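Peer 1: One structure, as structure tokens, below. Some questions next.
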Amino acid sequence: MGKRTISSFAELEALVGQELGVSDYLQITQDQINKFADATLDHQWIHVDVEKAKRESPFGNTIAHGYLTLSVLPYLWEQIVDVQNIKDQINYGIEHLKYNQPVIVDSRVRLAVKVSSVVNLRGTTKASMGVRLEIEGNRKPAYEGEIVFLYHFNE
């Protein structure tokens, strides 16, 4: 489908109810998990102790932090859409986020995005996007929810 370009409120509003696209797959490695643990001070064994996780984890290996899987959303988002003609973009919120499935180390994930709603708030565009982080080979996504952006288009 390729990267979608959006340049105005009207273009974005016309996409309500439609899928914007799907990113490429990204592999979640143990090195990423370890660096995320260091950055967030969350060194729980299920994430960083490979040998113990292989022995004791119900998943048979380490798993990515839920917040790590959420933190790759901007990287994957950039593969799907290019919002142009804006003064600024603000991450406004995350709503109804539910983690459905752990991401086991070395799994590959990708982001699917659908435009849920677009509202004009006195010149500011509030856009709610349905997001789903899919795990390759798994029918249940890692998470689903809504991300909300505020865009100030140059119009």
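Peer 1: Between Y25 and E56, what is the FRET efficiency for a Förster distance of 22 Å, r being their Cβ-Cβ separation, to the nearest 0.05? Please list the in-between numbers first.
Peer 2: On the way: r = 29 Å, r/R0 = 1.30.
Computed FRET efficiency for Y25 and E56 comes out at 0.15.
Peer 1: Specify the residue with the greatest mean-square fluctuation among A112, A37, A64, computed from a Gaussian network of the chain linking alpha-carbon atoms under 10 Å apart.
Peer 2: Top of the fluctuation ranking is A37.
Peer 1: Given a Förster radius of 41 Å and the C-beta distance between Q89 and H43 as r, what FRET efficiency does 1/(1 + (r/R0)^6) yield to the nearest 0.05? If you can, show how the numbers build up before the last one.
Peer 2: Numbers: r = 33 Å, r/R0 = 0.81.
After rounding, the FRET efficiency stands at 0.80.
Peer 1: Just the number please: accessible area per residue for the chain, 1.4 Å probe, all protein chains included, in Å².
Peer 2: On the way: 8480 Å² over 155 residues.
Value returned for the chain: 55 Å² of accessible area per residue.
Peer 1: Anyone know which of I28, I86, I135 comes out most mobile in the 10 Å Cα GNM of the chain?
Peer 2: Evaluated over the chain, the most mobile residue of the options is I86.
Peer 1: Sticking with this one: Using the charge dipole of the stretch 34-103 (Lys, Arg: +1 at Cβ; Asp, Glu: -1 at Cβ; taken about the Cα centre), state which of Q89, Y75, V48 has its Cα farthest towards the positive end.
Peer 2: The residue sitting most towards the positive pole is V48.
Peer 1: Just the number, please: carbon plus sulfur as a percent of the accessible area of the stretch 89-155, 1.4 Å probe, no ligands or DNA/RNA counted.
Peer 2: 44
Peer 1: Only Cα pairs under 8 Å and at least 6 apart count here; give the relative contact order of the chain as a rounded whole percent. Intermediate results must be reported in sequence, preceding the final value.
Peer 2: Details: 326 pairs, mean separation 46.6, N = 155.
RCO, the chain: 30 percent.
Peer 1: In the Gaussian network model of the chain, springs joining C-alpha atoms below 10 Å, which of Q18, Q30, Q101 carries the largest mean-square fluctuation?
Peer 2: Highest fluctuation among the options: Q18.
Peer 1: Could you tell me which residue out of N120, I33, G130 lies farthest along the dipole of the chain toward its positive end? Charges go on the beta carbon: Lys and Arg +1, Asp and Glu -1, centred on the Cα centre.
Peer 2: Towards the positive end, the residue furthest out is G130.
Peer 1: Same structure, new question: In a shell of Cβ-Cβ distance under 10 Å around G93, excluding G93 itself, what net charge do Lys and Arg (+1) and Asp and Glu (-1) give?
Peer 2: -1
Peer 1: Also, I was wondering about something else. Find, to one decimal place in angstroms, the Kirkwood hydrodynamic radius of the chain, where the mean of 1/r is taken over every pair of different Cα atoms and then inverted.
Peer 2: On the way: mean 1/r = 0.0600 Å⁻¹.
Over the chain, the inverse of the mean reciprocal pair distance is 16.7 Å.
Peer 1: What does the charge add up to near M129, with Lys and Arg as +1, Asp and Glu as -1, over the other residues with Cβ less than 10 Å from its Cβ?
Peer 2: Values: positive: K114; negative: E146.
Neighbourhood net charge equals 0.
Peer 1: On C-alpha positions alone, give me the angle between the axis of helix 30-40 and the longest principal axis of the chain, in degrees, nearest 10.
Peer 2: 70
The values are calculated or read from the model by the stated rules, or taken from the named source; none is laboratory data. Small disclaimer: the values here were computed from a predicted structure and weren't measured. Cβ: placed from backbone, ideal geometry, glycine included. Neighbour counts: every protein chain shown. The area values use the complete protein model at the heavy-atom level, side chains included, leaving out ligands, DNA and RNA. Shrake-Rupley method; radii C 1.70, N 1.55, O 1.52, S 1.80 Å.
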